[in-house]
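Everything on this sheet refers to the single structure shown next.
The values are calculated or read from the model by the stated rules, or taken from the named source; none is laboratory data. For clarity, every value in this text was computed on a predicted model and none was experimentally measured. Using ideal geometry, Cβ is built from the backbone for each residue, glycine included, and neighbour counts are taken over all protein chains shown.
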Ligand SMILES: *Cc1c(COP(=O)(O)O)cnc(C)c1O
């Protein structure tokens, strides 16, 4: 009997949709999901396992439902006068985004984004029954503010997504543009700052807008700069009323005691975990210069990855590099590829494989 997805009583609006699916392949050089290449040190791993061992002695009880200690530590890390009432945490910033859409999106409502951008924004929007409106970026991958304001006026979105620095292009957004959109938007404006720690000198964070704009929400993650993708910890900073709204949709005890213990320990070692960020930024700037010297087009990057092109057949280049044991990402506008910044050794392998694939 051949029984497939199509034979199930799936929601009509989910039929024909594709799941998120960055390849997870076992190759020596993995540069495709913007992870930090540096694993926690053995000393930090030991501290985490001790925290988990202590937590394990209380695993018969539910965890702190409000994750207060973790939120205090995250607020202290962010600074800007924020306290635990301004911060909410979940299993990766993807769960944060899902909770935001559950609270502020939903059937009959619209979410808007400026693409190319993070593929999970439309996927989570649709999964929560929220209509997705995509507004194209201009040729430099910037947001044309007049076009954006016109789209907001036309569609009246309940949720506007601004990704800064943007994935997959690396482009950051000026605060002025965020402010103008926040003033015009009828709903909330979510600034996805997953890559904030990698931004270049002088590129501001939307955290500075929270005081003046109670409907601006800044989403962050420990998956990238913090080198903690495997632990699944994301968080947001916003007006306390936003945190109140999320309590209405979050599952009780959504963040396990083990996750909270690991994240609190990691924050206690923030200096160590973030220690590689300066090197990764320098490596990124070197790579941008090298790619340009080879004659590639390269998007300016404030993140830990670089979008470059343009290829007549990017799928062939991607495959050729994979055949040379280097996994990058076939994503973004047609003709472009994205590479995550790894260790100097990994970037050497990347350069060699790219030259091999395009020679
Ligand atoms: C990687 C990424 C995230 C992080 O997701 P987590 O669920 O926190 O791992 C969020 N937003 C963007 C734009 C990203 O690229």
So residue 148, is it under 20 Å from residue 219 (Cα atoms) and touching a helix residue (DSSP H, G or I) at 6+ places or on another chain (Cβ under 7 Å): no
Given (1) part of a loop (DSSP other than H, G, I, E, B); (2) not assigned by TED's automatic domain parsing to the domain that holds residue 265, index of the condition residue 13 fails: (1)
Within region 20-47, tally of residues that are in contact (Cβ under 8 Å) with a residue 60 or more places away in the chain and not in a loop (DSSP other than H, G, I, E, B): 4
Residue match in region 203-213 (condition: modelled with pLDDT under 95 and under 26 Å from residue 279 (Cβ atoms)): yes
Looking only at region 312-335, and only at residues there that are touching a residue at least 40 places away in the same chain (Cβ under 8 Å) and not in a helix (DSSP H, G or I), the one that is surrounded by the fewest Cβ atoms within 10 Å (Cβ to Cβ): 325
Meets criteria (assigned by TED's automatic domain parsing to the domain that holds residue 174, buried (at least 16 other Cβ atoms within 10 Å of the Cβ) and part of a loop (DSSP other than H, G, I, E, B)) for residue 62: no
Filtered residues of region 8-49 (kept if under 15 Å from residue 330 (Cβ atoms) and exposed (fewer than 11 other Cβ atoms within 10 Å of the Cβ)): 18, 20, 21, 24, 25
Count of residues meeting criterion [closer than 18 Å to residue 24 by Cα and touching a helix residue (DSSP H, G or I) at 6+ places or on another chain (Cβ under 7 Å)] in region 318-359: 9
Filtered residues of region 72-95 (kept if part of a helix (DSSP H, G or I), within 16 Å of the ligand (Cβ to nearest atom) and touching a helix residue (DSSP H, G or I) at 6+ places or on another chain (Cβ under 8 Å)): 74, 77, 78, 94
Those residues of region 122-145 which are within 16 Å of the ligand (Cβ to nearest atom), out of contact with any helix residue (DSSP H, G or I) (no Cβ under 7 Å at 6 or more places or on another chain), under 23 Å from residue 195 (Cβ atoms) and touching a residue at least 24 places away in the same chain (Cβ under 8 Å), in sequence order: 123, 137, 141
Qualifying residue in region 284-297 (condition: in a helix (DSSP H, G or I) and either within 16 Å of the ligand (Cβ to nearest atom) or within 30 Å of residue 59 (Cα to Cα) (or both)): yes
Residue among 107, 116, 40 that alone is under 28 Å from residue 284 (Cβ atoms) and away from the ligand (no atom under 14 Å from the Cβ): 40
Hey, residue 125 within 30 Å of residue 11 (Cβ to Cβ), part of a loop (DSSP other than H, G, I, E, B) and modelled with pLDDT of 95 or more or not: no
